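Let me begin by presenting the structure, written as structure tokens, before commenting on it.
The values are calculated or read from the model by the stated rules, or taken from the named source; none is laboratory data. The model shown is predicted, which means the values in this text are computed figures rather than measured ones. Backbone-built Cβ (ideal geometry, glycine too); neighbour counts: all protein chains shown.
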Amino acid sequence: MLTVEGATSLPELKPGGSGAFTFTIVNTGGEDSSRTPIDLDLPGGISVQSITVDGTEVCSAKNPNSCLLRELQPGERAKVAVTITAGTAGQGGLLILRVGEVTVRQTITIAVPDTPETIIGKIDDVDTGPSELPPSDTGETPAN
């Protein structure tokens, strides 16, 4: 039986940026585990750079869904690292990784950077009211 320990979380990613999260798979059963498939469900805008087990790449961006965890003896541990790349700002979601019957869920957020274009967009969304002030009730004429 495989279990997971020590899963780390990813910080918010910038568009085009990459990051990794790690966890440890432990064989808590009484028998050797077979070579167990590693399956991924990726949210929009996320791609896999690599998956490593104990520092050895078991799959890459070229073939991210054909990964196998090595055989583990009872009590043996394997450290898994998943490196991903973020796509477009505002995308992301739930990444689901399965190793046999073990499921690791990781929420991925891709930041919207504060570029001049997005800052202007934020300012344009503010309602500032009328552009001219009405004449005052004091009878004074506003200065031009």
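Structure notes:
- Yes/no for Ala61 being modelled with pLDDT of 90 or more, of a type in the set (Gly, Ala, Ser) and under 16 Å from Leu97 (Cα atoms): no
- Selection of first residues in the stretch 43-56 that are over 29 Å from Ala111 (Cβ atoms) and of second residues that are among the small types (Gly, Ala, Ser), restricted to Cβ pairs under 7 Å at least 6 apart or on distinct chains, gives the following pairs, ordered by first then second residue: Val53/Ala78; Asp54/Ala78.
- Yes/no for Ile96 being assigned to a strand (DSSP E or B) and buried (at least 20 other Cβ atoms within 10 Å of the Cβ): no
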